[in-house]
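Everything below concerns the one structure shown next.
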Amino acid sequence: MSNIKFARPHRPSVEELAQGVLAGNRALLGRAITLIESNAVRDQESSRALISRLLPHSGNAVRIGITGVPGAGKSSFIEAFGTYLCKKGFKVAVLAIDPSSSVSRGSIMGDKTRMEELSGEENAFIRPSPSGGSLGGVARKTRETMIACEAAGFDIILIETVGVGQSETTVRSMVDIFMLLLITGAGDDLQGIKRGIMELADILVVTKDDGDNRQRAAAHCQELKMVLHYLQSPTPGWTPSVLTCSSLEGRGLNTIEETLFRFRDSMKESGFWYSRRRSQSLSWIQSLVHEALLTAFEQHPAVASRMPILENMVAGDKMDPVSAAHDLLSHFTYPAPGH
């Protein structure tokens with residue numbers, strides 16, 4: 001038995017991955033995203049080359065960010081709405097961001113198992129990704145993953161954020177349409193959260209419009225419309241829409257679809273659709289620069305050697321954190337010696 005040798009699985013080249021993605025091969029799309037999300041230093045150059053190869057074939061999808069208050073049923077809505085769109089002939093990619101543990105860095109990655117009906121659709125692709133500690137409700141490589149899905153021919157990209165809160169707004173800088181899911185009877189404790197995120201939403205949807213909750217959903221819809229009168233729209237020339245839907249019964253999904261495409265057509269006609277895309281590209285550049293500088297700082301030999309010393313000094317109350325930070329920065333040069 002000791003003489004049995006197992007062949008190593010073939011590692012596709014960048015060109016093989018690119019051709020597979022452009023041909024709509026789901027398996028190679030998955031492997032391409034794995035490469036893109038990899039933190040391994042050896043994968044960084046290949047990842048950049050792959051994105052450069054795919055970028056000219058992207059940009060044609062409608063990018064929709066979806067967030068919601070706790071209990072709003074984001075996964076249920078995305079499964080119902082995604083399935084509805086697939087049955088109408090659209091190719092739908094779902095990028096579901098799972099929160100990462102601050103201890104183990106692992107994540108539940110359970111959205112694919114929860115969306116059983118959507119997973120069975122031929123025109124659907126679901127990719128759960130760990131947030132990796134990134135703020136903004138998205139994963140570290142959500143932009144790049146979105147590019148890969150668009151290059152694979154998907155018409156609609158649904159990005160399900162980690163949750164809702166003041167810090168979870170990065171998704172606004174990478175999508176065309178931002179949708180907020182709300183429920184009735186959330187109480188005053190969520191008003192602060194909702195106010196901050198409502199100012200970013202193009203479409204607000206009151207979910208669970210079914211059974212005994214229908215009357216309350218309609219009333220809450222009217223309340224939200226009144227609140228929006230006092231908020232500035234995040235998109236010039238567009239008044240945020242407030243809709244209701246039932247993921248369970250499928251009610252209201254057609255109205256949401258109509259509103260999404262009415263928004264797209266209106267923004268393309270005004271030109272704002274394209275100016276927002278340009279702004280998103282600039283935001284992407286900034287995030288890449290920040291990431292590169294942070295990585296260079298953490299891997300800098302002088303910083304790495306000083307860090308344990310300063311940590312001990314701070315822990316022993318012999319130095320304050322501000323002084324320690326300035327000490328590290330004074331030893332940092334970019335690029336690092338030898339690079």
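Numerical summary
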item: A315/A40 FRET efficiency (R0 30 Å; Cβ-Cβ; nearest 0.05); result: 0.45
item: List K318, K91, K208, ordered by accessible area with a 1.4 Å probe, largest first; result: K318, K208, K91
item: FRET efficiency for L293 and K87, using Cβ-Cβ distance with R0 set to 35 Å, rounded to 0.05; result: 0.15
item: Measure of compaction for region 205-339 (Cα Rg per 2.2 N^0.38 Å); result: 1.82
item: Under 5 Å, built H, 5+ apart or other chain: amide partners of T244; result: V206
item: Sites R48 and Y230, calculated FRET efficiency, Cβ-Cβ separation with R0 56 Å, nearest 0.05; result: 0.80
item: Overall Cα dimensions of region 55-99 - principal axes, largest extent first, Å; result: 38, 26, 13
item: Region 194-239, accessible area per residue, ligands and nucleic acids excluded (1.4 Å, Å²); result: 56 Å²
item: Region 21-54-region 291-305 distance, computed between alpha-carbon centres (Å); result: 25 Å
item: Potential extension, E199-R277 segment - 0.36 nm per residue separation minus Cα distance; result: 26.1 nm
item: Spatially close lysines, pair count over region 182-318: Cα under 25 Å, gap of eight or more or interchain; result: 4
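The values are calculated or read from the model by the stated rules, or taken from the named source; none is laboratory data. Treat the numbers as computed from the prediction; the structure is a model and nothing was measured. Positions of Cβ are backbone-derived with ideal geometry, glycine not excepted, and every protein chain shown enters the neighbour counts. Only protein heavy atoms, including side chains, enter the accessible area calculation; ligands, DNA and RNA are left aside. Shrake-Rupley method; radii C 1.70, N 1.55, O 1.52, S 1.80 Å.
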